[in-house]
1. Could you grab me the full set of residues in segment 153-205 that are over 28 Å from residue 107 (Cα atoms) and aromatic (Phe, Trp, Tyr)?
2. Looking at segment 104-112, is at least one residue near the ligand (Cβ under 10 Å from one of its atoms), surrounded by 13 or more Cβ atoms within 10 Å (Cβ to Cβ) and more than 25 Å from residue 142 (Cα to Cα)?
3. Scan segment 10-23 residue by residue and report those that are buried (at least 24 other Cβ atoms within 10 Å of the Cβ) and near the ligand (Cβ under 9 Å from one of its atoms).
4. Out of 176, 208, which single residue is more than 19 Å from the chain's Cα centre (by Cα) and either at positive phi or assigned to a helix (DSSP H, G or I) (or both)?
5. Out of curiosity, is residue 160 farther than 20 Å from residue 33 by Cβ and either surrounded by 12 or more Cβ atoms within 10 Å (Cβ to Cβ) or of a type outside the set (Lys, Arg) (or both)?
6. Report yes if some residue within segment 153-173 is over 26 Å from residue 67 (Cβ atoms), assigned to a helix (DSSP H, G or I) and aromatic (Phe, Trp, Tyr); otherwise report no.
7. Can you pull out the residues in segment 184-209 that are surrounded by 15 or more Cβ atoms within 10 Å (Cβ to Cβ), within 16 Å of the ligand (Cβ to nearest atom) and farther than 10 Å from residue 18 by Cβ?
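The values are calculated or read from the model by the stated rules, or taken from the named source; none is laboratory data. Quick caveat: nothing in here was measured; it's all calculated off a predicted structure. Heads up, the Cβs are rebuilt from the backbone with ideal geometry, glycines too, and the neighbour counts pull from every protein chain shown.
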Amino acid sequence: MSMNVAIDGPAGAGKSTIAKNVAAEMKYIYVDTGAMYRSLALYFIRQGIDKDDEAKISEACKDCDVTIGYEDGKQQVILNGENVTGLIRTEEVGNMASASSVYKDVRAKLLNLQRKLAKENDVIMDGRDIGTCILPDAQAKIFLTASVDTRADRRYKELIEKGESPDLEKIKKDIEERDYRDSHRENAPLKQADDAVLVDSSDMSIEEVTNAIIDIIKSKM
Ligand code: DC
């Protein structure tokens with residue numbers, strides 16, 4: 001049976017950085033489910049669909065084929081044959097992903113793909129509903145969080161490093177809005193699974209969090 005590790009938590013808690021480190025160390029495949037929602041979001045944006053138009057979004061899902069592959073161990077998301085990995089990291093796509101992922105047809109579209117990957121491989125899968133909904137039987141579940149201030153500071157520094165001139169207060173507001181929407185939606189909201197271990201990364205280094213999570217996984221093997 002494959003080893004499945006679920007890592008859920010709000011935007012900016014460090015899930016992807018940590019999950020990539022853990023995957024490399026444990027020789028698991030890292031599955032970034034947010035990237036799948038982002039690729040659908042890119043499609044909706046390109047089609048000019050409004051984020052509140054559930055009927056059009058549901059209809060558009062039927063025209064989307066999302067698959068993932070790996071290049072040098074890095075996940076690539078393929079949308080209708082096009083590798084969109086480099087196009088989905090913008091705030092616009094992130095906001096559309098958060099808004100459109102509330103709809104059940106959007107979630108249903110990705111559920112089987114995520115479960116199949118976990119059935120066939122040892123995975124560490126990050127998202128919002130992995131421990132609660134996608135992989136309820138995962139051997140290890142982690143809920144990784146950090147304070148809004150810490151997450152906003154991290155994002156601010158990332159953008160400064162990219163040469164942008166971000167507004168810290170706006171970043172904080174976006175994070176709060178996204179947290180609220182992700183955790184209050186009706187379908188598969190962001191929530192700590194009863195059997196998940198809570199890790200608060202606010203005052204921890206990347207290395208400390210990685211080691212803490214590897215210890216949790218090993219204790220469940
Ligand atoms: O992790 P991320 O920021 O790339 O995710 C973008 C959005 O996708 C997030 O705000 C909510 C949605 N998402 C989801 O609903 N369920 C997941 N398993 C992963 C992401």
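1. Answer for segment 153-205, where residues must be over 28 Å from residue 107 (Cα atoms) and aromatic (Phe, Trp, Tyr): just 156.
2. no
3. The one that is buried (at least 24 other Cβ atoms within 10 Å of the Cβ) and near the ligand (Cβ under 9 Å from one of its atoms): 15.
4. Numbers: 176 fails: more than 19 Å from the chain's Cα centre (by Cα).
Just a single option satisfies the conditions, and that option is 208.
5. Details: farther than 20 Å from residue 33 by Cβ: yes; either surrounded by 12 or more Cβ atoms within 10 Å (Cβ to Cβ) or of a type outside the set (Lys, Arg) (or both): yes.
Considered against the rule, which asks whether it is farther than 20 Å from residue 33 by Cβ and either surrounded by 12 or more Cβ atoms within 10 Å (Cβ to Cβ) or of a type outside the set (Lys, Arg) (or both), residue 160 comes out as yes.
6. Within segment 153-173, the subset over 26 Å from residue 67 (Cβ atoms) is 153-173.
Checking which are assigned to a helix (DSSP H, G or I) leaves us with 153-161, 168-173.
From what's left, aromatic (Phe, Trp, Tyr): 156.
So far as segment 153-173 goes, yes, one or more of its residues are over 26 Å from residue 67 (Cβ atoms), assigned to a helix (DSSP H, G or I) and aromatic (Phe, Trp, Tyr).
7. Passing the criteria: 185, 188, 189, 190, 191, 192, 193, 196.
The rows are residues; the columns are (1) in contact with a His (Cβ under 6 Å, 6 or more places away or on another chain); (2) aliphatic (A, V, I, L, M); (3) surrounded by 14 or more Cβ atoms within 10 Å (Cβ to Cβ).
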{"site": "85", "(1), (2), (3)": "no, no, yes"}
{"site": "93", "(1), (2), (3)": "no, yes, yes"}
{"site": "143", "(1), (2), (3)": "no, no, yes"}
{"site": "149", "(1), (2), (3)": "no, no, no"}
